[in-house]
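K.L.:
Here you go, one structure.
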Amino acid sequence: MDFHPAANSFPMMDQKRYTELLDDIRIHGQREPITLCDGMVLDGRNRYKACAELKIEPKARTFDGDPWAYAWSLNGQRRDLGDDQRYLIWKFCTEHGAAWRAEQQRIADEANRKRSAAAREQHAVSNPRAGESLVREQSVPAPEAPRPGKAAKAAAAKVNAGAVARGDKLAKDRPDLADKVRLGEMKPAAAHREMKREQIVAKLKATAPAKAIEGVYDVIVIDPPWPIEKIERDCRPNQVALDYETMEADKVQHIKIPHAKDCHIWIWATHRFLPTVFEMIHYRRLTYVCTFVWHKPGGFQPLGLPQYNCEFALYCRFGKPQFIDTKAFPVCFNAPRGAHSEKPEEFYAMVRRVTAGRRLDMFNRRQIEGFDGWGKESPT
């Protein structure tokens, strides 16, 4: 037997609760009958499923009325429903219930019209001249019911206003995700993150051709070639300079950053050059947000000072860029050390996951997946 669409507006029981129901019916039998409407199960889907599994002929009763209002009245206050899910179910039932009632009214009006036409025809046959004085009927449409506001919807669904706003937006922009939330297949927060991520990506893609001409980027990682002397090593005792050309701190501060009007920017720095980076941020009119910390296994320890076993990637913004994912997104992370001054792949993987658009790695010395490279030693 099929399940009524109104019943399917609600999720089924989870496996734990269904197993408990199955055991109860096995021991005590079916206590509550299922409800049928138009030959389909309107209420009692889990009972019907349990009876079928136990090979029991289910007890049933019939309902003749608005199935959508009936389903909501019986199940709308289920304790396993969160506000966002509850509202989407109420919205689904309400909209389909209105369509069902409109169809019932159309059927009734059509039946009345046919009866009236038959009566007039019979009257005309019985009284040939009587029809001359009749006034032709005119169809007057019923006034459209006012659309309920946010507060009215919240009261009807017994949820908060925030759930109404979130549910209406999700149902309008991503009805497929709204259905998944309604049926318990997806958490509301995950659905909204997915919708926001896709909207950001779509917006960036829509403006990509113009950006390519202008040569600007939505995501920029800057690893300035700070003027640091390399520590002497036993294997190469005569090497005291770095393997790449450096730049004086005051020149680093004035680096031109090819950012889009909304851009994520990370600037790498060691302890010594943190003040310079903040000057750079101020000079370039960027907005400082937070500092990402790379915890390294070991590091240089100056005489009489702590061990420097971390580096910093200062995150700032130009405009109002948005992350497409903020789940499992801490500012501190562990990663192994690579070649001298080489930043870890774990950092770039994180940036690829949480951002979208064109990405640039400035002063890079190796090819980074998903990034354009720029710098004297860049391989691209």
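A short reminder: the numbers here are calculations on the coordinates, not readings from a lab. Since this is a predicted model, take the numbers as computed values, not measurements. Reconstructed Cβ throughout: ideal geometry from the backbone, glycine too, with neighbour counts over all protein chains shown.
K.L.:
At a 10 Å Cβ-Cβ cut-off, how would you order VAL252, VAL125, fewest neighbours first?
P.N.:
Details: VAL252 22, VAL125 8.
Ordered by Cβ neighbours within 10 Å, fewest first: VAL125, VAL252.
K.L.:
Could you tally the net charge around PRO33, taking each other residue with its Cβ under 10 Å from the Cβ of PRO33, Lys/Arg +1 and Asp/Glu -1?
P.N.:
Working: positive: ARG31, ARG47, LYS59, ARG61; negative: GLU32, ASP43.
In short, +2.
K.L.:
Is the shape of segment 7-75 rounded, prolate or oblate, going by the alpha carbon gyration tensor and its root eigenvalues a ≥ b ≥ c, with a/c under 1.5 for rounded and a/b larger than b/c for prolate?
P.N.:
In terms of gyration-tensor shape, oblate.
K.L.:
What list do you get for TYR87, TYR315, TYR18 if you sort them by fewest beta carbons within 10 Å?
P.N.:
Working: TYR87 31, TYR315 18, TYR18 15.
In increasing order of surrounding Cβ atoms, one gets TYR18, TYR315, TYR87.
K.L.:
Below 9 angstrom from the Cβ of PRO336, what's the summed charge of the other residues (Lys, Arg +1; Asp, Glu -1)? All intermediate terms of the calculation are to be shown ahead of the outcome.
P.N.:
On the way: positive: LYS296, ARG337; negative: GLU346.
Once all neighbours under 9 Å are counted, the net charge is +1.
K.L.:
Now a separate question. So, in nm, how far is label ALA119 from label GLN77 when the simple model puts each one 7 Å beyond its Cα toward the Cβ?
P.N.:
4.4
K.L.:
Quick one: net charge around THR287, please, counting Lys, Arg +1 and Asp, Glu -1 for every other residue with C-beta under 12 Å from its C-beta.
P.N.:
Net charge in that neighbourhood comes out at +3.
K.L.:
Separate question: Using Cα positions and a limit of under 23 Å, work out the lysines in reach of LYS59, with same-chain residues fewer than 8 apart set aside.
P.N.:
Answer for LYS59, where 23 Å is the Cα cut-off: LYS49, listed by chain and number.
K.L.:
First measure r as the distance between the Cβ atoms of ASN160 and HIS295, then evaluate 1/(1 + (r/R0)^6) with R0 = 41 Å and state the FRET efficiency to the nearest 0.05.
P.N.:
Working: r = 41 Å, r/R0 = 0.99.
Once the sixth-power term is evaluated, E becomes 0.50.
K.L.:
Sorted from fewest to most neighbouring beta carbons within 10 Å, what does the list MET195, MET280, MET1 look like? Show your work: numbers first, answer last.
P.N.:
Numbers: MET195 16, MET280 23, MET1 13.
Starting with the residue having the fewest Cβ neighbours, the order is MET1, MET195, MET280.
K.L.:
Then there's this: Of LYS150/LYS172; LYS91/LYS180; LYS169/LYS327; LYS91/LYS203; LYS153/LYS320, which ones are farther than 26 Å apart at the Cα?
P.N.:
Details: LYS150/LYS172 15 Å; LYS91/LYS180 14 Å; LYS169/LYS327 21 Å; LYS91/LYS203 29 Å; LYS153/LYS320 33 Å.
Beyond 26 Å: LYS91/LYS203; LYS153/LYS320.
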